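Q: Dropping a structure here in structure tokens format, bear with me for questions.
Values in this text are rule-based calculations from the coordinates and carry no lab data. What you are looking at is a predicted structure, and each value in this text was computed from that prediction instead of being measured. Cβ placement follows ideal geometry from the backbone for every residue including glycine, while neighbour counts extend to all protein chains displayed.
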Amino acid sequence: MFAVIETGGKQYLVKKGSVIKVEKLEAEEGKEVEIDKAVCLSGNGLSYLTDATVKAEVLEQCRGEKIIIFKKKRRKNYRRKTGHRQYITVLRINEINLQK
């Protein structure tokens with residue numbers, strides 16, 4: 001069974017046991033979080049399912065890879081280089097539930 005969940009404004013295709021990286025969630029490492037915004041389960045729909053939940057365990061709170069931002073204006077000797085590392089949460093999917 002698979003599910004498409006939404007968290008942090010993005011959608012993820014998940015199965016039981018899969019490990020995903022999502023935008024930062026306010027949860028401690030080792031705790032279990034419940035995601036109730038399931039878009040579809042096993043291809044059964046395209047709208048939000050109100051009775052579907054996905055339980056996941058927080059494996060790690062960390063930062064992603066650095067993204068380089070480089071600004072330049074030609075012929076003006078204007079160059080700016082900055083970087084950014086987004087905070088992410090690593091989740092392991094433990095359970096996909098559909099209450100009927």
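Q: In straight Cα distance, which lysines are under 27 Å from Lys15, not counting same-chain residues fewer than 8 positions off?
A: Lys24, Lys31, Lys37, Lys55, Lys100
Q: I've got another one for you. Of Ile88, Ile67, Ile35, which has the largest mean-square fluctuation in a 10 Å C-alpha GNM of the chain?
A: Fluctuation is largest for Ile67.
Q: For a quick check, take a GNM of the chain with Cα springs below 10 Å and name the residue from Tyr78, Tyr12, Tyr87 with the largest mean-square fluctuation.
A: Tyr78
Q: Same structure again: Placing unit charges on C-beta atoms (Lys and Arg positive, Asp and Glu negative, everything else neutral), compute the dipole magnitude of the chain about its Cα centre in debye, rounded to 20.
A: 1680
Q: Here's a follow-up. Using the C-alpha gyration tensor of the chain, what are the square roots of 5 times its eigenvalues, in whole angstrom, with the largest one first?
A: Values: eigenvalues 257, 56, 18 Å².
For the chain, the ellipsoid semi-axes come out as 36, 17, 9 Å.
Q: Right, something else. Net charge near Glu6: determine it from the other residues with C-beta under 12 Å of the C-beta of Glu6, scoring Lys and Arg +1 and Asp and Glu -1. All intermediate terms of the calculation are to be shown ahead of the outcome.
A: Numbers: positive: Lys10, Lys37; negative: Glu23, Asp36.
Result for the neighbourhood of Glu6: 0.
Q: OK, next. Between Tyr87 and Gln61, what length in nm is gained on full extension when 0.36 nm per residue of separation is reduced by their alpha carbon distance?
A: Working: separation 26, 0.36 × 26 = 9.36 nm, distance 0.75 nm.
Stretched out fully, the Tyr87 to Gln61 stretch lengthens by 8.6 nm.
Q: Under 5 Å between amide H atoms, partner at least 5 residues away or on a different chain: which partners does Lys37 have, H built in plane at 1.01 Å?
A: The answer is Glu6.
Q: Straight-line reach only, C-alpha to C-alpha below 19 angstrom: list the lysines that Lys72 could link to, leaving out same-chain residues fewer than 8 apart.
A: Reachable lysines: Lys81.
Q: Normalised by the number of residues in the chain, what is the relative contact order in percent for Cα pairs under 8 Å and 6+ residues apart? Display every interim value, and only then the final one.
A: Numbers: 230 pairs, mean separation 32.1, N = 100.
Once normalised by length, the contact order is 32 percent.
Q: I want the local charge near Val19. Using Cβ-Cβ distances under 13 Å, sum +1 for each Lys or Arg and -1 for each Asp or Glu among the other residues. If you can, show how the numbers build up before the last one.
A: Numbers: positive: Lys15, Lys16, Lys21, Arg92; negative: Glu57, Glu60.
Counting the neighbours of Val19, the net charge comes to +2.
Q: Whole-Hz Karplus ³J(HN,Hα) for segment 31-39, in order, using 6.51 cos²θ - 1.76 cosθ + 1.60 and θ = phi - 60°, x for Gly and Pro?
A: 7, 9, 10, 10, 9, 9, 8, 9, 7
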